[in-house]
């Protein structure tokens, strides 16, 4: 029988395969005659396929790692201080030439020679380990404001402030997951309520000081007031979603990707899925996410150690909320944000780190299976030896 961890890996690979095919399809140029340009060779030898293969390898590596080491390691061997220092340093380097790279008007990338990645992705996933580590070690004081609650929230606030200058959507996602994790760890609602005025003020400042963010809010409220300007993006996305109908135009035969829909391989890949695969294809993708979350929650519910439960919950909250925000943006139910669809939108850093964290979840299930087998083994051995013991007794 398939265990939840094994199902989790299969579901993640399925989403990656969909991502490879759809990102390749969305990246077709006008001269490639739509579906004719989408061949097995272009899919297997393309850049998305290489990133997906690396993501699967990292997921399988994480599957074999002992998750407890993240909590029990001490001193320089502990990953927690390195995650904190590395995340802050890399987020600062984003604004320091020549390390920081500007793409599409935003500085979100760091490049060291041929290696380029998004520090916000490292901070987003690394922060889950730090919060789970702190909350587990301070389990008895998480309900107190000073000794338990403020330390993780201060770190979350610092990371979000560094990210929000260029990527407000990711900062909001990190803040939401961080608050939900500390609440699950035992923090009090009244302490969280104290943060609301500061969070609202920071969000308002980030929006009001950026004209393009104000335009995104205006486009969300009424995209038709400027259909060729600020409303163009969301209108083209909704046109792609509605244009697919029930069965879609066919794989590779979408129209919106040919210069009409911006960011079609990244933030708006779900619109291309809806157009080419229709309502059926969109429903399959949503069902894969729902099943993945159910498998994950099954693993978290059975985890014995509080660190594993909190870390697993953080991973699932990040994937679930990120997917929900992306789907809301694509369908016009939320303002446009730079939030990718996990394991599907193009992005090497996002694919690799998401797959690695899902591998950690599968490792928790593998550890639980090993403990269950060890508990059953003595019972089975006793049952096998019982007839011999009965024969050995004197009559």
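Candidates 324, 311, 333, 343: the one that is in a loop (DSSP other than H, G, I, E, B) and more than 16 Å from residue 233 (Cβ to Cβ) is 343. Mind counting the residues in the range 186-214 that are assigned to a helix (DSSP H, G or I), more than 30 Å from residue 143 (Cα to Cα) and more than 27 Å from the chain's Cα centre (by Cα)? Within the range 186-214, residues that are assigned to a helix (DSSP H, G or I), more than 30 Å from residue 143 (Cα to Cα) and more than 27 Å from the chain's Cα centre (by Cα) number 2.
Remark: residue 152 falls outside the filter, which requires a residue to be within 17 Å of residue 347 (Cβ to Cβ), surrounded by 17 or more Cβ atoms within 10 Å (Cβ to Cβ) and touching a residue at least 24 places away in the same chain (Cβ under 8 Å).
Taking the criterion of being assigned to a loop (DSSP other than H, G, I, E, B), surrounded by fewer than 19 Cβ atoms within 10 Å (Cβ to Cβ) and touching a strand residue (DSSP E or B) at 6+ places or on another chain (Cβ under 9 Å), the only residue of the range 43-95 that qualifies is 95.
Residue by residue, here is whether (1) at pLDDT 95 or above; (2) not in a helix (DSSP H, G or I) holds:
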position: 267; (1), (2): no, yes
position: 271; (1), (2): no, no
position: 284; (1), (2): yes, no
position: 289; (1), (2): yes, no
position: 293; (1), (2): yes, no
position: 304; (1), (2): no, yes
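Screening residue 184 against (1) modelled with pLDDT of 85 or more; (2) buried (at least 23 other Cβ atoms within 10 Å of the Cβ) leaves a single unmet condition, (2). Scan the range 105-143 for residues that are over 21 Å from residue 175 (Cβ atoms), without any contact (Cβ under 8 Å) to a residue 60 or more places away in the chain and outside any strand (DSSP E or B) and the total you get is 6.
The values are calculated or read from the model by the stated rules, or taken from the named source; none is laboratory data. Fair warning: this is a prediction, and the values are worked out from it, not measured in the lab. Glycine also receives a Cβ, built like all others from the backbone with ideal geometry; neighbour counts cover every protein chain displayed.
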